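All remarks here apply to the structure that follows.
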């Protein structure tokens, strides 16, 4: 096995986030499921964009946020995701390259526009996401850069991307390349509604191609319905080498075989926007893991990274995380 030149390569939906503050009444008026991620079509995206208030625009996507967090911690990363060669696509590509991320995926010259996620953030910090996948759905197995994947210690897959059959094939190819190179594969379950849509496929993917799993307690409950958390963790421990499950204000629990490590949540003075909390938790944990730190320390860094991102508007760090987590 050759020495890895990258820490993590992320594969996910390359999405521009359009964020605005909102009231619950607005969500009710537009029949939006508070706190959920809902897939929408282009006309709905245009309607919601027209109706929303002042907008903050930022490169996003779950795996993209994780890669940005890893970069902020000092990790060497790559990213694979499909963009259109339009204004939003150019902005997304610029953000990746400016952050030092290796990005080699060919941009589409025709077809759907670059994806966008319209996010309404209420006063309690909850985010309601409405995603037009656009060009994302055209990511295929042919877009998986074999050299890039084989060069990374860990390939990190975003569960949201699993909505399209082409993307499933891309996941499988990436996992097979990583394992053939002696590397590890991690998966984020992303969203409980996503798990419900693809439960059987996810169970097969986790059991046969995943080494490291990231989820929150509601996603675990969706993966193993009618099963308590303790029993679900036992099942996970039999399926993957390592699982990290976030528990909101209760912190997180890391499972490896019969070992369970509980980590408290990092203190946050005020929760402003929970967008990206799970993504940045994964970033902190993967940073620790690729630097061969103890699991408790991985969870500590993960909690700090999540705390930083929920203390402000937007899904990517504002404070350099290496400094924030006292790693400098």
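The values are calculated or read from the model by the stated rules, or taken from the named source; none is laboratory data. Nothing here was measured: the structure is a model prediction, and the numbers come from that model. Here the Cβ is made from the backbone with ideal geometry for all residues, glycine too, and neighbour counts use every protein chain on show.
Here is how the numbers come out for the structure above:
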quantity: Residues of segment 33-46 that turn out to be over 21 Å from the mean Cα position of the chain (by Cα) and in contact (Cβ under 8 Å) with a residue 12 or more places away in the chain, as a count; calculated: 4
quantity: Condition met for residue 44 (loosely packed, with under 15 Cβ neighbours inside 10 Å and part of a helix (DSSP H, G or I)); calculated: no
quantity: Qualifying residue in segment 14-34 (condition: buried (at least 19 other Cβ atoms within 10 Å of the Cβ) and within 30 Å of residue 180 (Cα to Cα)); calculated: yes
quantity: Any hit, segment 188-202, residues being at pLDDT below 95, out of contact with any helix residue (DSSP H, G or I) (no Cβ under 9 Å at 6 or more places or on another chain) and closer than 24 Å to residue 38 by Cα; calculated: yes
quantity: Residues satisfying the stated conditions in segment 174-192, i.e. assigned to a helix (DSSP H, G or I) and surrounded by fewer than 18 Cβ atoms within 10 Å (Cβ to Cβ); calculated: 176, 179, 180
quantity: Matching entry among 76, 14, 58 (being within 20 Å of residue 284 (Cα to Cα) and in contact (Cβ under 8 Å) with a residue 24 or more places away in the chain); calculated: 76
quantity: Residue in segment 219-235 that is nearest to residue 158 (Cα to Cα), counting only those that are in contact (Cβ under 8 Å) with a residue 24 or more places away in the chain and buried (at least 18 other Cβ atoms within 10 Å of the Cβ); calculated: 219
quantity: Hey, residue 71 within 30 Å of residue 326 (Cβ to Cβ), free of Cβ contacts under 8 Å to residues at least 40 places away in the same chain and buried (at least 16 other Cβ atoms within 10 Å of the Cβ) or not; calculated: yes
quantity: In segment 109-126, residue nearest to residue 86 (Cα to Cα) [restricted to those that are crowded, with 23+ Cβ neighbours inside 10 Å and out of contact with any helix residue (DSSP H, G or I) (no Cβ under 8 Å at 6 or more places or on another chain)]; calculated: 117
quantity: Helices (runs of 4 or more DSSP H) fully within segment 238-328 counting 1 or more residues that are touching a residue at least 12 places away in the same chain (Cβ under 8 Å) and out of contact with any helix residue (DSSP H, G or I) (no Cβ under 7 Å at 6 or more places or on another chain); calculated: 277-290, 295-310
